[in-house]
1. Out of 63, 74, 79, 48, report the one residue that is surrounded by 13 or more Cβ atoms within 10 Å (Cβ to Cβ) and modelled with pLDDT under 95.
2. Could you tell me which residue of the stretch 68-82 is nearest to residue 9 (Cα to Cα), considering only residues that are more than 16 Å from the chain's Cα centre (by Cα) and not acidic (Asp, Glu)?
3. Taking the stretch 2-61, which residues are basic (Lys, Arg) and under 19 Å from residue 97 (Cα atoms)?
4. Do you know which of the residues in the stretch 82-112 that are closer than 14 Å to residue 44 by Cα and of a type in the set (D, E, K, R) is surrounded by the most Cβ atoms within 10 Å (Cβ to Cβ)?
5. Go through (1) modelled with pLDDT under 95; (2) under 22 Å from residue 13 (Cβ atoms); (3) assigned to a loop (DSSP other than H, G, I, E, B) for residue 99 and report which single condition fails.
6. Considering only residues that are of a type in the set (A, V, I, L, M, F, W, C), part of a helix (DSSP H, G or I) and at pLDDT below 90, which ones fall in the stretch 1-25?
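The values are calculated or read from the model by the stated rules, or taken from the named source; none is laboratory data. Here the structure is a predicted model, which is why all the values come from computation and not from measurement. So basically every Cβ, Gly included, is an ideal-geometry build from the backbone, and we count neighbours across all protein chains shown.
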Amino acid sequence: MPAKNDELDNLLYFLFQSWSIQSSSKWTEDNPAKGQCGVTALVVNDIFGGEILKTKLSGGWHFYNSIDGKRYDFTKSQFREEINYKDSKSNRDEAFLDTNPKQYTYLKQRVEELILVSQEDIN
């Protein structure tokens, strides 16, 4: 089932509410998306499926998602410069090299909690 744009917009909001030092050791209050690309790509993949893509940047690999054939980079705000996307195919194993089980479990549980609360508010 294709993802709806409003669901993806809500997901971005939930991610911003969830990112913390518990989801990435690079997180800062001034740049909450910093260091969140791998863990975020994994959680987005869990929720919406699709593919995990990557692009090589000066600091290393940057991970993001393709859902229904469209690129979604929920962590692009961490960068000051424009990203010249290469959309190289990646996978969960590669994205997991950018995080750890504790950070992944934290972010996934936090985002799922926010989704559940928002669905309860609707009903």
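1. Values: 63 fails: modelled with pLDDT under 95; 74 fails: modelled with pLDDT under 95; 79 fails: modelled with pLDDT under 95.
So the residue among 63, 74, 79, 48 that is surrounded by 13 or more Cβ atoms within 10 Å (Cβ to Cβ) and modelled with pLDDT under 95 is 48.
2. My answer is 69.
3. Matches in the stretch 2-61: 26, 34, 54, 56.
4. Only one residue fits best here, namely 110.
5. (1)
6. The one that is of a type in the set (A, V, I, L, M, F, W, C), part of a helix (DSSP H, G or I) and at pLDDT below 90: 8.
Per-residue answers, yes or no, for (1) touching a residue at least 60 places away in the same chain (Cβ under 8 Å); (2) over 21 Å from residue 111 (Cα atoms):
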{"site": "19", "(1), (2)": "yes, no"}
{"site": "23", "(1), (2)": "yes, no"}
{"site": "31", "(1), (2)": "no, no"}
{"site": "51", "(1), (2)": "no, no"}
{"site": "61", "(1), (2)": "no, yes"}
{"site": "65", "(1), (2)": "no, no"}
{"site": "71", "(1), (2)": "no, no"}
{"site": "74", "(1), (2)": "yes, no"}
{"site": "77", "(1), (2)": "no, no"}
